[in-house]
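What follows draws every value from the coordinates through simple rules; no lab data is involved. This structure is a prediction, so every number in the text was calculated from the model and none was measured. Cβ: placed from backbone, ideal geometry, glycine included. Neighbour counts: every protein chain shown.
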Amino acid sequence: MDREWNDNQPIYRQLRDRVVAMILDGVLKEGDPLPSVRNVAAEYRVNPLTVLKGYQELVDEGLVETRRGRGMFINVGARDLLLQGERQKFLAEEWPRLYATIQRLGLKPEELLEVGANGNLSHADQKNAPANASSDSENPPSSTDPKKEER
């Protein structure tokens with residue numbers, strides 16, 4: 001887990017989100033124990049009650065179970081439950097913004113798939129991309145063809 005804390009969100013919530021990411025990434029699997037509250041509190045220099053509050057959210061969500069005297073463990077089906085929730089959240093909150101940006105920039109599905117597969121722009125796309133282009137740009141795509149402007 002990252003040792004840096006974001007001031008925009010309570011630490012217990014950030015701890016919860018980090019455990020969720022570890023479950024989604026497969027670092028923590030069904031049946032695995034969570035690190036003890038005391039160890040996490042000491043390692044990250046936070047109050048044990050803060051760690052406990054973050055862990056309690058996971059229990060309340062049905063992702064983790066407490067076994068008296070033994071600790072907390074990842075529930076069977078926790079990853080599937082998280083995937084379902086995170087997918088719905090992505091489609092409802094993030095995808096509409098991404099889709100609008102894709103439309104605004106005139107990107108084609110093939111371009112997106114190529115970047116996704118390669119992890120970067122092809123040499124030709126980098127050469128044609130403006131130096132100050134930003135995916136967050138609020139300007140609509142130009143009605144002129146950028147290839148014609150280069151000639």
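Counting Lys and Arg as +1 and Asp and Glu as -1 over every other residue whose Cβ lies under 12 Å from the Cβ of Pro33, the net charge comes to 0.
Hey, what did the range 20-78 get for relative contact order, percent, Cα under 8 Å, at least 6 apart?
Reported as a whole number, the value is 39 percent.
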